[in-house]
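Just below is one structure, and these are the notes that go with it.
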Amino acid sequence: MRFFIIGDIVGRPARNLLKNILKNMIDKNEIDFVIANGENASGGNGLTYKNYQELISCGIDIITMGNHVWDKKEIFEYIDEENKIIRPANYPEPCLGKGYTIINKNNINIGIINLSGRVFLSSLDCPFKTFEKIYNTLKKETNIIILDFHAEATAEKIAMGWFVDGKVSLMYGTHTHVQTADEKILPKGTGYITDVGMTGPYYSVLGVNKDIILKKFITQQPVRHELAKGPVQLNGLIVDIDEKSGKSIYIERYLKIFEN
Ligand SMILES: [Fe+2]
Ligand SMILES: [Fe+2]
C-alpha cells in the first residue's frame, strides 16, 4: 500500500497548489492513502472549517495537527464532529478532539497517531508514555500504524523513532518546516524521517515573508506575519508499506517547486 505524506501546509498558496495537482499526483503515482499536516493551512495559523473541507476534497484522507491546532477558534466547534482530523494525543485530558484514529480504506484498517514533542514546545503529557497506551489499543485493530511526531528538536524525534521501531509502520516528523535528508527504514521495519518539511512559499522563512522575519530578528520588535509570495514548494514522503507485516518496504523523500 502506497502512502503519500505531506509536510505542514502553509496558507492559501499551498492549498491552491494541492487543489491543482494532488488528485493527478495520486493517480500518477498510484497512491492509496494521503496524510497531511494542516496546522498552518489557514493563513499560516490553524485550520478553519472551510479549509478543512477543502483539503479533504483535494484527496487528503486524514489531517494531523500540531501546536497551532487551536489558533483558529472555530476548530472548537468542529474538531469533535469531524473524523478526518486529529490533534496531538498528548494534550492533557479532557481535551477536545482525538489524538488517534483508525480509517478503513480499500478494506484495510490504517491507524494514525499524532503526538507533540516537549522540547521547545508546550509541556504536554509524555509523548512516549502516551504512545504506549495508544499502541496497545491500536495494535489489536491493525498492523498498519503511522505516527506524525510534531516536534522541534531533532534528538527528540530521532529518539522517538527508536522507541517506535518495529511497532509502527512509519514515523515521520513535522513542525520545523524544513525537510531533513535522513529518510530510512529502521532495523525492525519502521520507515523514518526526522522532518517531512513544508508545503508553502519557497522563498520565505518557514512560509512567512522573509523581510518581516528579518525585521523581527534585527529590531526585536513584534511584527505581523504575512505569507511570502512566489513559487510554492511541495515537501512530502512516499512510503510503501507491506499490508501483511505492517513494515515499510520503500521510502523516498519528495521535493518539488512549482511556479506560482
Ligand atoms: Fe507548522
Ligand atoms: Fe508546529
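Taken together, the values in this text are just the output of simple stated rules run on the coordinates, not laboratory data. These figures come from a predicted structure and were not determined experimentally. A quick note on method: Cβ atoms are made from the backbone with ideal geometry, for glycine too, and the neighbour counts reach across all protein chains shown.
What does the net charge come to around Val208 if you take all other residues with beta carbon closer than 12 Å to its beta carbon, with K and R at +1 and D and E at -1? Working shown, then result.
Numbers: positive: Lys210, Lys215, Lys216, Arg224, Lys229; negative: Asp211, Glu226.
Local net charge: +3.
Return the FRET efficiency for the residue pair Glu243, Glu82: r is the Cβ-Cβ distance, R0 is 35 Å, and the value is rounded to the nearest 0.05.
0.85
Rounded, prolate or oblate: which fits region 81-200, taking a ≥ b ≥ c as square roots of the Cα gyration tensor eigenvalues, rounded meaning a/c under 1.5, else prolate when a/b beats b/c?
Details: a/c = 1.41, a/b = 1.11, b/c = 1.27.
Taking the square roots of the gyration eigenvalues as a ≥ b ≥ c, region 81-200 is rounded.
In nm, what is the difference between 0.36 nm times the number of residues separating Tyr49 and Asn29 and their Cα-Cα distance? Walk me through the numbers before you get to the answer.
Numbers: separation 20, 0.36 × 20 = 7.20 nm, distance 2.88 nm.
4.3 nm is the gain from fully extending Tyr49 to Asn29.
What do the square roots of 5 times the Cα gyration tensor eigenvalues come to for the chain, in whole Å, largest first, as semi-axes of the equivalent ellipsoid?
Numbers: eigenvalues 144, 84, 67 Å².
Sorted largest first and rounded, they come to 27, 21, 18 Å.
To the nearest 20 Debye, how big is the dipole of region 158-244 about its Cα centre, given +1 on the beta carbon of each Lys and Arg and -1 on that of each Asp and Glu? The partial results should precede the final answer.
Values: 9 positive and 9 negative charges, 84 e Å.
Dipole of region 158-244, to the nearest 20 debye: 400 debye.
With an 8 Å cut-off on Cα pairs and a minimum separation of 6 or more residues, tell me the relative contact order of region 111-184 in percent. List each step's numbers first, then the result.
Numbers: 91 pairs, mean separation 26.1, N = 74.
Computed value for region 111-184: 35 percent relative contact order.
Could you give the dipole magnitude of the chain about its Cα centre, charging the beta-carbon of Lys and Arg +1 and that of Asp and Glu -1, in debye to the nearest 20? Don't skip to the end; give the middle numbers.
Working: 31 positive and 31 negative charges, 52 e Å.
Charge dipole of the chain: 240 debye, to the nearest 20.
Using the Cα centre of the chain as origin and beta-carbon charges of +1 (Lys, Arg) and -1 (Asp, Glu), tell me which of Cys126, Gln233, Ile112 is placed farthest towards the positive end of the dipole.
Farthest towards the positive pole: Gln233.
Could you work out the relative contact order of region 2-258, using alpha carbon pairs under 8 angstrom and six or more residues apart, expressed as a whole percent?
Details: 626 pairs, mean separation 46.2, N = 257.
Normalised by residue count, the contact order of region 2-258 is 18 percent.
Using 0.36 nm per residue of separation minus the Cα-Cα distance, give me the extension gain between Glu93 and Val119 in nm, one decimal. Show your work: numbers first, answer last.
Numbers: separation 26, 0.36 × 26 = 9.36 nm, distance 2.03 nm.
Separation in residues times 0.36 nm, less the Cα-Cα distance, equals 7.3 nm.
Taking a 22 Å limit on the Cα-Cα distance, which of the listed pairs Lys157/Lys210; Lys184/Lys210; Lys98/Lys133 fall beyond it? Write down the numbers at each step before the final one.
On the way: Lys157/Lys210 27 Å; Lys184/Lys210 32 Å; Lys98/Lys133 14 Å.
Violating the 22 Å limit, Cα to Cα: Lys157/Lys210; Lys184/Lys210.
Rounded to the nearest 500, what is the 222 nm mean residue ellipticity of the chain from helices alone, with -39500 (n - 2.57) per DSSP H run of 4+ residues and division by all residues?
Details: 6 runs with 64 residues, N = 260.
Value at 222 nm, helices only: -7500 deg cm²/dmol.
At a Cα cut-off below 14 Å, give the aspartates and glutamates reachable from Lys84, other chains included and same-chain residues fewer than 8 away excluded.
Those aspartates and glutamates meeting the cut-off are Glu39, Glu54, Asp61.
Provide the percentage of antiparallel DSSP beta bridges, counting only those with both residues in the chain; round to the nearest 5. Write out the running numbers ahead of the final one.
Working: 27 of 53 bridges.
Beta bridges within the chain, antiparallel portion: roughly 50 percent.
If I model a spin label as a point 7 Å beyond the Cα along the Cα-Cβ vector, how far apart are those points for Asn16 and Lys139 in nm?
Here the answer is 4.7 nm between the modelled labels.
Which of rounded, prolate or oblate describes region 1-149 when judged by the alpha-carbon gyration tensor and an a/c cut-off of 1.5? Write down the numbers at each step before the final one.
Numbers: a/c = 1.82, a/b = 1.14, b/c = 1.61.
It comes out oblate by the Cα gyration axes.
How far, in nm, would the chain grow between Ile212 and Phe128 when pulled straight, counting 0.36 nm per residue and subtracting the alpha carbon separation? Could you put the intermediate results ahead of the total?
Working: separation 84, 0.36 × 84 = 30.24 nm, distance 3.66 nm.
Answer, rounded to one decimal: 26.6 nm.
How many percent of DSSP beta bridges within region 1-134 run antiparallel, rounded to 5? Walk me through the intermediate numbers first.
Numbers: 6 of 15 bridges.
Percentage antiparallel, nearest 5: 40.
Of the peptides 23-35, 49-61, how do they stack up when ordered by the mean number of other Cβ atoms within 10 Å, highest first? Can you show the working numbers first?
Working: 23-35: 15.9, 49-61: 18.0.
Taking the mean over residues of other Cβ atoms within 10 Å, the ranking is 49-61, 23-35.
Relative to the longest principal axis of the chain, what angle (0 to 90°, nearest 10) does the C-alpha long axis of helix 210-219 take?
Tilt relative to the chain: about 70 degrees.
Could you give the nm distance between label points at Thr154 and Gln220, where each point is 7 Å from its Cα heading toward the beta carbon?
2.9
Can you work out the FRET efficiency for the pair Lys256 and Met1, with r the C-beta to C-beta distance and R0 = 25 Å, to the nearest 0.05?
Numbers: r = 23 Å, r/R0 = 0.90.
With a Förster radius of 25 Å, E is 0.65.
If I take every Cα pair under 8 Å that is 6 or more residues apart in region 1-122, average their sequence separation and divide by the length, what percent do I get for the relative contact order?
Details: 214 pairs, mean separation 23.9, N = 122.
Relative contact order comes out at 20 percent.
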